[in-house]
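One structure is given below, encoded as structure tokens.
The values are calculated or read from the model by the stated rules, or taken from the named source; none is laboratory data. As the structure is a computational prediction, the values presented were derived from the model and not from experiment. Note that each Cβ is placed from the backbone with ideal geometry, even for glycine, and that neighbours are counted across all protein chains shown. Quick note on the areas: whole protein, heavy atoms, side chains included, nothing else; ligands and nucleic acids left out. Shrake-Rupley method; radii C 1.70, N 1.55, O 1.52, S 1.80 Å.
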Amino acid sequence: MELIHQFSSGLFIIQSVIFLALLFLLGKFAWKPILKSINDRETSIVDALNQAKLARKEMETLKEDNERIIREAKIERDAILKEAREIKDRIVGEAKDAAKNEGDKMIEAAKQTIQTEKNAAMADIKTQIGALSVNIAESILKQKLDNNEAQNELVQNYLNKSNLN
């Protein structure tokens, strides 16, 4: 059996009225809350995106600040290391100069001591040579002046030499 549908204007009007009533009820009670929740959801998504952008910008700012702080810390570290090297070099230089000065003083003191001891040794040698010369001269004179004639001749030679000078 074949069913053929025939258009019934009464049925069409009733269905249209029911459809319009359903649309009205949905528009009055369902569409507004649905649209409101969709709009609220859209607003929260936009807010979340804006907050994400702000967070990204803040992270970039923090990253730049961290990089700047690291650069400044490296510059400060380099300056401190340079100053420490300069202080070390200055202290080492001062220590070398002090050691050289002390060494020079010790060398000069040793030279003076050597010269003093040399002078004392020379004076001692001269004294010994003088004493030895006097002893030798005394021995020679004793041998030569055993007789009176040799004594008179010696005195006469000294007098002649004294008169010449």
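So the values come out like this:
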{"quantity": "Nearest-10 value in Å² for the accessible area of E86, using the 1.4 Å probe", "calculated": "100"}
{"quantity": "Evaluated at q = 0.14, 0.17, 0.23, 0.24 Å⁻¹: base-10 log I(q)/I(0), Debye formula over Cα of the range 35-119", "calculated": "-0.78, -0.88, -1.03, -1.05"}
{"quantity": "Of I129, L154, F24, farthest towards positive along the dipole that unit charges on Lys, Arg, Asp, Glu beta carbons give the chain", "calculated": "F24"}
{"quantity": "For T43, solvent-accessible area (1.4 Å; no DNA, RNA or ligand), Å²", "calculated": "80"}
{"quantity": "Student exercise, the range 13-165 dipole from Lys, Arg, Asp, Glu Cβ charges, in Debye to nearest 20", "calculated": "1220"}
{"quantity": "Set of lysines with alpha-carbon distance to K111 below 24 Å, sequence-local pairs under 8 removed", "calculated": "K96, K100, K126"}
{"quantity": "In Å, descending, principal axis extents of the Cα set of the range 1-143", "calculated": "191, 37, 14"}
{"quantity": "Share of carbon and sulfur in the accessible heavy-atom surface of the chain [1.4 Å probe, %]", "calculated": "61"}
{"quantity": "Among Q112, Q151, Q51: highest mean-square fluctuation, GNM of the chain, C-alpha pairs under 10 Å", "calculated": "Q151"}
{"quantity": "The range 35-119 - accessible surface per residue (Å², probe 1.4 Å)", "calculated": "92"}
{"quantity": "Residue-level accessible surface for V92, protein heavy atoms, 1.4 Å, Å²", "calculated": "70"}
